[in-house]
Amino acid sequence: MNKKVMITGANRGIGLSITKNYLNRGDEVYAFCRSPKKSKELYQLSKDNKKIKIYSLDVCSEDSIKNASKLIDDYIDIIICNAGIGSGYGGFMDDDNNQQKFLEVLNTNVVGPFLTIKYFSTKLNKVSDKKIAIISSLMGSQHHDSSNAYFYRSSKAAVNNLMVTFSNELSNQNISICSYHPGWVRTDMGGPNADLSSEESAKNLIKRFDEQSITTTGRFYNYDGKLLMI
Ligand SMILES: NC(=O)c1ccc[n+]([C@@H]2O[C@H](COP(=O)([O-])OP(=O)(O)OC[C@H]3O[C@@H](n4cnc5c(N)ncnc54)[C@H](OP(=O)(O)O)[C@@H]3O)[C@@H](O)[C@H]2O)c1
């Protein structure tokens, strides 16, 4: 049966590829992005396909998330928290590593998914197979020996922790939630030398989302299905 999907950060990178892949298999997508009017690729998709609806949503604004959730007049099967930023990749003494940048990363990568789940979870299909997927990063794992990217790593560690807490609270409503490492992907964030195209990453992620269930809730997976350590 066709699925109804909502995704943040749908206008470029991994989010755009996930959107295209769902549409290609006949699913419906509520594609949320900060600036719909500037999202040429999404508009192009909507010309050929009536199964995409494009709406504005800034994950750094609670009002924006709340208002966006009111635009959905139907039940959805999956919430995909994809929007994210990478900033402050250097060592702790870098000039770039300042309070404002840190708060911006946490606001986007942690507060954003929290509020998205808070306002959109009431829109999840009441019948069965209700899912939430968070695009996290292996850089959020506590099991590493790297000495850089304090802001990004801590934001993805925090969102993995949120995922576990949500899984405990939502399991009695039969809503599953997992987080995923999409691979190192050739996007604006991943850069041109990354391992995977956004198409390869998206195809694999959608397979993982299909496999997700209440029995796997609370876990952190690689795009290829390998279980990762939080
Ligand atoms: N690429 C990788 O190698 C890699 C690896 C691990 C994890 N990830 C994760 O994968 C996700 C997608 O990354 P990507 O590589 O596709 O990055 P990207 O190409 O830089 O795209 C980021 C997306 O997030 C959106 N976004 C940023 N701030 C937002 C906000 N405040 N409100 C709404 N949307 C916002 C951007 O929208 P605008 O166009 O409006 O800026 C854009 O659509 C992120 O969570 C990232 O951390 C990526």
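The values are calculated or read from the model by the stated rules, or taken from the named source; none is laboratory data. Since the structure is predicted, the reported quantities are computational estimates derived from the model, not experimental observations. Note that each Cβ is placed from the backbone with ideal geometry, even for glycine, and that neighbours are counted across all protein chains shown.
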Practice task
Search segment 10-30 for residues that are at positive phi and pair each with any residue that is near the ligand (Cβ under 7 Å from one of its atoms) when their beta-carbon atoms are under 9 Å apart and the residues are at least 6 apart or on different chains.
Solution key: GLY13/ASN82; GLY13/VAL185; GLY13/THR187; GLY13/ASP188; GLY13/MET189; GLY13/GLY190; GLY13/SER198
Practice task
Inspect all residues belonging to segment 14-30 and state whether any of them is farther than 22 Å from ILE117 by Cβ, surrounded by fewer than 22 Cβ atoms within 10 Å (Cβ to Cβ), near the ligand (Cβ under 10 Å from one of its atoms) and of a type in the set (D, E, K, R).
Solution key: no
Handout entry: One residue from SER64, SER35, SER39 being modelled with pLDDT of 95 or more, in contact with a Cys (Cβ under 6 Å, 6 or more places away or on another chain) and hydroxyl-bearing (Ser, Thr, Tyr)
Key = SER39
Exercise for the section: Output yes when any residue across segment 121-135 is assigned to a helix (DSSP H, G or I) and within 16 Å of the ligand (Cβ to nearest atom), and no when none is. Expected result: no
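Which residue is farthest from the ligand (Cβ to nearest atom), if the candidates are limited to segment 37-55 and must be out of contact with any strand residue (DSSP E or B) (no Cβ under 6 Å at 6 or more places or on another chain) and in a loop (DSSP other than H, G, I, E, B)? So that I can check it myself, show each step before the final result.
Taking segment 37-55 as the starting set, the residues that turn out to be out of contact with any strand residue (DSSP E or B) (no Cβ under 6 Å at 6 or more places or on another chain) are 37-38, 40-41, 43-44, 47-50.
Okay, now just the ones that are also in a loop (DSSP other than H, G, I, E, B), so 49-50.
Details: ASN49: 19, LYS50: 22 Å.
The extreme case among them is LYS50.
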Fill in the blank from the handout: Counting only residues that are within 15 Å of the chain's Cα centre (by Cα) and either more than 26 Å from GLN100 (Cβ to Cβ) or β-branched (Val, Ile, Thr) (or both), segment 141-165 contains a total of 2
Practice task
For ASN160, indicate whether it is touching a strand residue (DSSP E or B) at 6+ places or on another chain (Cβ under 6 Å) and surrounded by 15 or more Cβ atoms within 10 Å (Cβ to Cβ).
Solution key: yes
Exercise for the section: Please work out which residue is surrounded by the most Cβ atoms within 10 Å (Cβ to Cβ), limiting yourself to segment 61-98 and to residues that are within 21 Å of TYR152 (Cβ to Cβ) and of a type in the set (D, E, K, R). Expected result: ASP94
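Looking only at residues that are within 12 Å of the ligand (Cβ to nearest atom) and part of a loop (DSSP other than H, G, I, E, B) in segment 136-157, which one is surrounded by the most Cβ atoms within 10 Å (Cβ to Cβ)?
Of all residues in segment 136-157, those within 12 Å of the ligand (Cβ to nearest atom) come to 136-141, 149, 151-153, 155-156.
From the residues that got through so far, the ones that are part of a loop (DSSP other than H, G, I, E, B) too are 136-137, 141, 149.
Values: SER136: 29, SER137: 25, SER141: 17, ALA149: 21.
The extreme case among them is SER136.
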Problem - Failed item, numbered, when ILE177 is tested on (1) away from the ligand (no atom under 15 Å from the Cβ); (2) part of a helix (DSSP H, G or I); (3) within 12 Å of the chain's Cα centre (by Cα) - result: (2)
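Sort through THR108, THR165 and tell me the only one that's part of a helix (DSSP H, G or I), over 24 Å from ASP74 (Cα atoms) and more than 15 Å from the ligand (Cβ to nearest atom). Steps first, please.
On the way: THR108 fails: more than 15 Å from the ligand (Cβ to nearest atom).
Answer to the check: THR165.
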Problem - Flag for ILE18 being in a helix (DSSP H, G or I) and touching a helix residue (DSSP H, G or I) at 6+ places or on another chain (Cβ under 6 Å) - result: yes
Exercise for the section: Please work out if VAL185 is under 23 Å from ARG25 (Cβ atoms), buried (at least 20 other Cβ atoms within 10 Å of the Cβ) and either within 16 Å of the ligand (Cβ to nearest atom) or among the small types (Gly, Ala, Ser) (or both). Expected result: yes
Exercise for the section: Within segment 56-105, work out how many residues are away from the ligand (no atom under 16 Å from the Cβ) and basic (Lys, Arg). Expected result: 1
Practice task
State which residue pairs qualify: first residue at negative phi and inside segment 176-188, second residue acidic (Asp, Glu) and within 9 Å of the ligand (Cβ to nearest atom) in any location, beta carbons under 7 Å apart, and separation of 6 or more residues or different chains.
Solution key: TRP184/ASP195
